[in-house]
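The values are calculated or read from the model by the stated rules, or taken from the named source; none is laboratory data. On a predicted model such as this, the values are computed, not experimentally measured, just so you know. Counting neighbours? That spans all protein chains shown, and the Cβs are built from the backbone with ideal geometry, glycine included.
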Amino acid sequence: MDTPYGSAPLPVWERPEPQPRAAPVPLSRAKIAAAAIRLADADGLEGLSVRKIAKELGVGPMRLYDYVTNRSELLDLMVDAVYARIAEPGQDSAQESEWRATVLAIVHRTRAAALEHEWFADLLGARPHLGPHALAVGESTAAALGQAPGLHGVDDLQRALGALNAFIVGSLRREITERRTARATGTDVSAWQAALGPYLTRMLETGRYPTVARLVHDGAHLDAGETFHHTLTTILDGITGHPRT
């Protein structure tokens with residue numbers, strides 16, 4: 001299919017939907033993505049296959065290839081469907097007085113989406129997300145952050161976005177990994193303390209790790225959501241050079 005940019009095929013988001021068939025089960029890319037998301041939520045990306053999606057939809061596997069040509073396109077559709085939820089409120093403002101609230105809201109919605117769809121965290125940072133809803137989220141974030149005091153020009157904005165995205169990807173992947181590990185092993189804090197507590201006590205009593213000992217003895221068990229928010233606001237303070245009072 002020729003395009004204004006040469007002979008490269010159009011990406012999945014720009015290709016017209018196939019003409020509807022006279023079939024008992026109507027299909028669309030949105031229905032395929034929704035079915036794939038349900039399966040990935042239940043079994044992870046490893047359990048995702050065209051055969052399973054077709055069975056979920058009650059159609060033959062070959063019908064799906066009229067809508068997506070490969071697994072990569074399927075993942076693109078799934079990711080952009082999640083970004084549609086992140087962008088959903090649609091009232092985010094890039095006014096200078098509201099930039100911070102806008103960034104906080106978008107990032108917290110991203111975390112909520114990753115906790116609901118754990119596979120989404122696996123795809124964050126792995127490849128550019130260029131679907132229309134992903135671009136809308138990127139535009140809202142960049143437009144708001146661009147109004148932050150202390151940022152001057154596109155270079156500052158690029159660096160700020162890089163720092164923010166690095167935090168989002170690293171933090172969410174770590175949180176999701178910890179959740180999966182706890183589920184897989186059945187480990188909770190008390191079980192971990194019973195198993196490794198004696199060893200850790202012996203190591204700390206050597207006196208070689210005084211700062212670690214202070215963290216273990218005096219530090220509180222921090223809530224993941226509160227920690228995420230605190231670190232996010234600290235990053236925004238650092239980006240702008242204007243800590244919030």
Query raised in the report: Quick one: in region 11-32, which of the residues that are closer than 20 Å to L75 by Cβ and among the hydrophobic types (A, V, I, L, M, F, W, C) is surrounded by the most Cβ atoms within 10 Å (Cβ to Cβ)?
Result: I32
Report task. Restrict the check to region 190-202 and report whether at least one residue is modelled with pLDDT of 85 or more, within 19 Å of H108 (Cα to Cα) and among the hydroxyl-bearing types (S, T, Y). Result -> no
Report task. Consider only pairs whose beta carbons are under 8 Å apart and that are at least six residues apart or on different chains; among these, list those whose first residue lies in region 65-80 and is in contact (Cβ under 8 Å) with a residue 60 or more places away in the chain and whose second residue is of a type in the set (D, E, K, R). Result -> L77/R29
Query raised in the report: Is one or more of the residues making up region 94-105 surrounded by 15 or more Cβ atoms within 10 Å (Cβ to Cβ), over 15 Å from the mean Cα position of the chain (by Cα), assigned by TED's automatic domain parsing to the domain that holds A144 and modelled with pLDDT under 90?
Result: yes
Query raised in the report: Does P20 qualify as being at pLDDT below 95 and in contact with a strand residue (DSSP E or B) (Cβ under 8 Å, 6 or more places away or on another chain)?
Result: no
Query raised in the report: Where in region 28-86 are there helices (runs of 4 or more DSSP H), lying wholly inside it, with at least 3 residues that are within 22 Å of the chain's Cα centre (by Cα)?
Result: 29-43, 71-86
Report summary line: Among residues of region 133-161 being closer than 18 Å to L232 by Cβ and free of Cβ contacts under 8 Å to residues at least 24 places away in the same chain, the residue surrounded by the fewest Cβ atoms within 10 Å (Cβ to Cβ) is R159
Report task. Answer with yes or no whether L151 is modelled with pLDDT under 95 and not assigned by TED's automatic domain parsing to the domain that holds A40. Result -> yes
Query raised in the report: Just a yes or no: is a residue in region 178-187 at pLDDT below 85, surrounded by 13 or more Cβ atoms within 10 Å (Cβ to Cβ), within 14 Å of E118 (Cβ to Cβ) and out of contact with any Gly (no Cβ under 9 Å at 6 or more places or on another chain)?
Result: yes
Query raised in the report: In region 42-62, is there at least one residue being under 21 Å from L135 (Cβ atoms) and surrounded by 15 or more Cβ atoms within 10 Å (Cβ to Cβ)?
Result: no
